[in-house]
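Peer 1: Below is one structure. I have some questions about it.
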Amino acid sequence: MKQIISNLIMGKDSKVSGAIAIGIISLIVLGCTCGKNLDLGNISSESNSSRTASNDSTTSDTKADGSLPSESVIQALVRETTTDFARAIDTGDFSSIYEKSSSDFQSTYTEDQMKDAFKTFTNQKSRVVPILERASGMTSEFSPAPYVRTEKGLSILVINGKYPTKPIPVRTEYEYVFRGGEWKMLKLIVKITN
């Protein structure tokens, strides 16, 4: 028995050493949940990874109570919304940005109403899309600083920003409501003017 334990500890049994190595590598590759609930159906609010412009609406830095998120989360939200908006203007398909919006937004506006509201942009997409795409790659300048207000018991993140695109800056007024552990678009105003 003493010899078996010695072989395990000293690594003389290659099968056991291999199994231990695979276990350690698996923990590294799959990530440690470190006491978090592993709920794959709601992985967005429990994940350790930052959310990006692809399909995500929040990041791990978002606080669970709807308080003001970090600067990096705010920049990611604004970048994602601006990128989604540029894609909608370019393709004329607002379904993706609409699906990502809050239920409050969706109960107020239909996808067609959203499309009609931005008809001026889609009619001038050859000029608008390049400006929005440049803006999406920049850091937004906020004025005033982002803040959270409460309305009907809900946390609403207010972000007014400007992208210093040349020759015309892009100004944004975005609001996000905190629902289900993530920030969802509530208000979308984009102005491309001096």
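All of the numbers you see were taken from the coordinates with simple rules; none came from a lab. Everything numeric in this text was worked out from a predicted model, so none of it was measured. FYI the Cβ positions are ideal-geometry reconstructions off the backbone, even for glycines, and counts take in every protein chain you see.
Peer 1: What does the extension gain come out to for residue 166 and residue 110, with contour length at 0.36 nm per residue minus their alpha carbon separation? Working shown, then result.
Peer 2: Details: separation 56, 0.36 × 56 = 20.16 nm, distance 3.29 nm.
Gain on stretching residue 166 to residue 110: 16.9 nm.
Peer 1: Using a 10 Å cut-off on Cβ atoms, rank the peptides 183-189, 166-172, 77-83, 94-100 from the highest mean neighbour count down. Walk me through the numbers on the way to the answer.
Peer 2: Values: 183-189: 20.9, 166-172: 15.1, 77-83: 23.0, 94-100: 16.9.
Result, highest mean Cβ count within 10 Å first: 77-83, 183-189, 94-100, 166-172.
Peer 1: Here is the link list: 162/191; 125/191; 125/187. Which ones come out longer than 18 Å on Cα distance?
Peer 2: 125/187
Peer 1: If you don't mind, another one. Let me make sure I get this right: for region 56-194, a, b and c are the square roots of the gyration tensor eigenvalues over alpha carbons, sorted descending. Under 1.5 in a/c it's rounded, otherwise prolate if a/b > b/c, else oblate. Which is it? Write down the numbers at each step before the final one.
Peer 2: Values: a/c = 1.98, a/b = 1.32, b/c = 1.50.
It is oblate, given that a/c is not under 1.5 and a/b is not larger than b/c.
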